[in-house]
Amino acid sequence: MREYLQELKNFFRKGDMVLLLLCLVTTAFGCIVIASSTNYMGNLRFILTQIAAAGIGVFLYIIISSIDVDFFSEHRIALVIFNSLLLLMLIPFGTDNGTGNRSWLDFPFLPFDIQPAEICKITFILIMASVMANHQSKISSIPSVMHMVLHLGLLFGLNMLVSRDAGVSMIFLFIFIGMAFSGGVSLFWFALAAGGVVALWPLAWNYVFSDHQKDRIMVLIDPSLDPLGIDERFHTVRSLKSLTGGGWTGQGLFNGTRTQNGELFAQHTDYIFSSIGEELGFFGCVLALVLLFAIIIRCVQVGNRSQDYMRKMVCYGAAAALIFQVISNVGMCLGLTPVIGLTLPFVSYGGSSILTLYAMLGLVSGIHARPAAPSHELYIRPYR
């Protein structure tokens, strides 16, 4: 405890202040856009909730940054149990928030709902990093790969079983791919996995995907499906009209034609990038992407500077999670990727999202402060 308190005191000297500043600037940008996109509702609940969540998020960033990542790694089994119990809480306490996916925990004493998968993506990164560190000398061997796949299958399968949210479950898959690739797993395994997906796709299409999920995929590749944009393409058409309606500089904050009338679906969450395009134009969209990719690059940079394999994997896992969310959200607004309900990190409204993002990047800040394990622990560290 004494060592932790000392690390806490040293946060402003050793923590990653560059990463924290990037997160705060992006959050501030997001709060401005949220204020504009919810203006038509006539209340401040959304912006106040986002600011409060960001404040708590910064506190979590500091707390987690002060904890040595080895502590989490050495309690990997506890993290696995925690993930399982958290997801199982969706059975009695889950709500779908009108999405059809039972993905949120609704507690009356909180001003926002909690999405367990958001928390689990942090613990999954830690679990994967710990497993890969144990197998780093033979990372492409069958036992090593099967051990990693076991943890992916457990989390992915359990989340699909209790929430039916394929979009959020894909985050775990992308984190797995990003960490496995950067961790040195042989390309043979990726080719084998791709072949397996191709072989099993017809089976999954007929017996796993719902009609609604099939429509979301088919609308991307079949131009004859809903050509008038009144059914499957309805939200995509409105999204594109908002994005292109802003031109280079936009119509101005609190002046968007569709945004200020609430005509854009989920314009403060899933489709906030379209709202940015309408009110701040092309340059506003570029600014949002520059800020987000600056955070991603910083995560990769911290990982590259660390000499410890497990610490590298944690940073790369955080970067992979952010990359997937940015590409998925922006692609959805552009009509290039399926609609899977993922928010734009730090920009979209969401209490649990902003909290978990700051917590996840607190791990990266901790690795910046302690890029390698203390030398005296290299010989006494217990087997993970």
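Only the coordinates and a few stated rules stand behind these numbers; no lab work does. The structure presented is a predicted model; accordingly, all values stated were derived computationally and were not measured. Quick reminder, even Gly has a Cβ in these numbers, built from the backbone with ideal geometry, and neighbours come from all protein chains shown.
Overview of values
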item: R0 of 30 Å, Cβ-Cβ distance F234-F190: FRET efficiency to nearest 0.05; result: 0.25
item: Helix 351-369 axis, angle to the chain major axis (alpha carbon atoms, nearest 10°); result: 40 degrees
item: Label-to-label distance, nm, for residues given as W201 and L44 (7 Å Cα→Cβ offset); result: 5.2 nm
item: 10 Å Cβ shell holding at most 11 others, DSSP loop, chymotrypsin sites (Phe, Trp or Tyr not before Pro): longest site-free stretch of the chain; result: 110-247
item: Helix 76-88 axis, angle to the chain major axis (alpha carbon atoms, nearest 10°); result: 30 degrees
item: Pairwise FRET efficiency - N10 versus N261, Cβ, R0 = 45 Å, nearest 0.05; result: 0.35
item: GNM top mover of S66, S103, S140 - the chain, alpha-carbon springs below 10 Å; result: S140
item: Part-to-part distance (alpha-carbon centres) for segment 277-308 and segment 183-252, which is given in Å; result: 24 Å
item: Global form of segment 42-171, assessed from the alpha-carbon gyration tensor, a/c cut-off 1.5; result: oblate
item: F59 versus M17: modelled label distance in nm, points set 7 Å from Cα along the beta carbon direction; result: 2.3 nm
item: Helix 166-182 axis, angle to the chain major axis (alpha carbon atoms, nearest 10°); result: 40 degrees
item: Taking the C-alpha atoms of segment 6-50, convex hull volume expressed per residue in Å³; result: 63 Å³
item: Over the chain: helical MRE at 222 nm, DSSP H runs n ≥ 4 each giving -39500 (n - 2.57), nearest 500; result: -22000 deg cm²/dmol
item: Cα-based shape type of segment 2-370, given that a ≥ b ≥ c are square roots of the gyration tensor eigenvalues and the cut on a/c is 1.5; result: oblate
item: Förster radius 41 Å - calculated FRET efficiency between V149 and V286, Cβ distance, rounded to 0.05; result: 0.60
